[in-house]
Structures are given as C-alpha cells and as structure tokens.
Amino acid sequence: MRKLLLLAAALAAMLQGPERAVAQEYPTRPVTIVVPFPAGGSADLNARTVAERLSAALGQPFIVENKAGASGSVGTAFVAKAPADGYTLLMSNSGALTVNPHLFGPVGYDSLKDFEPISLSVKISNLLLVHPDLPVRTLPELLAYAKANPGLYYGHSSGSKQLSGEVFRAKAGIDMPPVAYKGSAPMMADLLGGHIKVGFDEVLTSMPYIQAGKLYPIATTGAVRWPTLPNVPPIAEAGVPEYEMGDWIGIVAPAKTPPALVEKLNKASAKALAVPETQSRIEKIGTQVEGSSPEQFDAFIKKEMTKWSKVVDTMGLKIQ
C-alpha cells in the first residue's frame, strides 16, 4: 500500500512538473487583456491600471485591447475561444459575464464552462441621477413625484444599468417607463439636455456632470455609500428596502488554462491591487478595490449567474 501511495505521489509530481516549470517562466512574451467595451469606461480604466502593475511585476508588457460590441458579448466570446496559455485574458464586468447570457439569446460563450476565474478586482455602484430641472433632491421626493406624475421616463444603457432601473421601478411600484440607449454617451447626452429627466449610469461617467452641477445624484444602487459621494445614500437605505444592484469587474482566462498560471496571475493581481497608488487611482474612477482567490471568484460568478437568471425570468426581461 505504501509503495502504491509513493508511486501515486511521484506520478502526480511528474505531471505537475512541466506545468510548474511553464508557470515559473511565464510570461515570456506580451500578454493581451481584452476589455469587451469601448475605451474610457470603468472596465477599460481598471484594466489599464492593473495592466501597468502586472507589466512591472512580471517583466512583460500586459497590453489592453478593446473589443467592443453586443453589450460586451463580442470580446467575451473572443476570449472564450482563445488558446488557454495565459497570453489572452479578459477583464469584464457583471453585464457581459453574468447578465448577457440570461438577457439575450445565444451569446457565443458559456460563462461557467468557458473561463477560469482569476480574480474579482473591483466593485462598482451605479447612480440614480436626475436633471436639475426636476424638482426633487431625495429618493422619497422622486418616488412621490413619480407617483403623482405617471409616465416619468428614465434612461439606461445595457447590462447592470438596465436591470438597476427595471428592478428599481418594480420594487418601488412606480410607473416610470424606460428609454433604452446603445451606450452611456447617448443616454447622458439626452439626460444633460433635459430630454429625459432621470437616468442610471456609472459613478465614473457621472462625476464630471455632478461636480459641474449639471446632474444631481439621488442614490446609489449598491449596498453601501460610495467613498467619493459620502452624502448620497443607497437606494435601500433611502426608501426602497432590499434593493441592491451593484456591478463588478474581474479577470478571467480561457477554460483549461493551467492552474499554476491562474495561481501566478492571481497572486500578481492581488499585489497590484494592494499598492496604495493603485487603490487611489481605482477609487478616483468610481470603483472600489475588492480582490479574491480564484475559488472565491468562481463561487461569486456562480452566485451572480443565479441571481441575474431569477431577475430576468421573474421580470420577463429576456430579449428574443
């Protein structure tokens, strides 16, 4: 029996040996981090911040490549089919990884089977915003106004912003019809122009207009107050109980990427996120450092998939 155990241990070591050797040498050439959204958004800016640190730590360039389209599905599907060698990674958000598969028809990837989770990087809160012309400055005032004025339109782009609005109006019990936009920029243009009076968008893209007094933040969609907006309460705290619709960004690799490479990338990512300068830069773009082990991120993705499936099915939001 003892000989069998020793043989099994030796065989396991032989099998792990080449993988460990590859992980020790990795990377030997540039690594591409695909962001499935246009440049300038939260996922893109977080990817560039982390890529800079990974390049310094691992001695090879980590290059961010934007592959936008279909609410993030195009770039996500691209990485799902990439070689599992650690040289093509994906930094994406909850919308592309855990909302799109339920919201749309076939998206070209299976979020649970086609990727190896590396690390949950940051969490994001969307904001419930109003145009200054709307005579409300608190969530209770908005709810009262919407009930007294049925048909108050609100704008959103795709993913978590759309679901933030859909769940909000359902839980609040108000007649506030949605206006869907292809992206944040056209939605913000209409909101700033007063063509719509209410909208949901990221902290990052909202802050310049909030600081200029062109938009007013009523509440955040996450569970806690946001560091850069400490006086703006979460929706659940301000008047709609049990509401939480935060967003997140994380790094994954194609399925079957060797565990040793996943482990190396996870440790390098954790070190990058721990640098005070990195944390400061991440907070300034409206996101909050999180971090996780691959196993924790895997469990988190599965939980998110279940959550969004229930939301989309319960509210009949699936787009055929």
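The numbers here are math on the coordinates, done by the rules we state, and not lab data. The structure displayed is predicted, hence computed values, not measured ones. Note: ideal-geometry Cβ built from the backbone for every residue, glycine included; neighbour counts use all protein chains shown.
Numbers below:
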| read-out | value |
| --- | --- |
| Given 10 as the ceiling on other Cβ atoms within 10 Å, longest exposed-site-free region of the chain for trypsin sites (Lys or Arg not before Pro) in DSSP loops | 183-320 |
| Of ASP175, ASP247, ASP298, the one that fluctuates the most in a GNM where the chain has Cα springs shorter than 10 Å | ASP175 |
| Choice from GLY165, GLY239, GLY286 showing the highest fluctuation, given a GNM over the chain with Cα pairs closer than 10 Å | GLY239 |
| Bridge type composition, segment 126-238 - antiparallel percent by DSSP, nearest 5 | 60 |
| 5 angstrom amide H check on GLY155, placed H, neighbours 5+ away | VAL179, VAL198, GLY199, PHE200 |
| ARG225-MET315 pseudo-label distance in nm [points 7 Å out on the Cα-to-Cβ vector] | 2.7 |
| Extension gain, ALA39 back to ASP133 (0.36 nm per residue minus Cα-Cα distance, nm) | 30.7 nm |
| Counting all C-alpha pairs of the chain, share separated by more than 26 Å (%) | 48 |
| Value of relative contact order over segment 202-316, rounded to a whole percent, pairs C-alpha under 8 Å and six or more apart | 20 |
| Helix runs (DSSP H) in the chain reaching 20 Å along axis by Cα, Kyte-Doolittle at least -0.5 | 2-25, 42-58, 259-274 |
| Computed over the chain: relative contact order in percent, which uses C-alpha pairs under 8 Å that are six or more apart | 26 |
| Cross-link pairs beyond the 20 Å C-alpha cut-off, checked among LYS264/LYS307; LYS113/LYS267; LYS161/LYS197 | LYS264/LYS307; LYS113/LYS267 |
| Segment 218-320: chymotrypsin sites (Phe, Trp or Tyr not before Pro) in DSSP loop, at most 16 other beta carbons within 10 Å | none |
| Contact order relative to length of segment 126-238, as percent, for alpha carbon pairs under 8 angstrom and 6 or more apart | 38 |
| Student exercise, segment 126-238 dipole from Lys, Arg, Asp, Glu Cβ charges, in Debye to nearest 20 | 40 |
| Size of electric dipole in segment 220-311: Cβ of Lys, Arg +1 and of Asp, Glu -1, about Cα centre, debye, nearest 20 | 300 |
| GNM result for the chain, Cα springs below 10 Å: residue of GLY250, GLY75, GLY151 fluctuating most strongly | GLY151 |
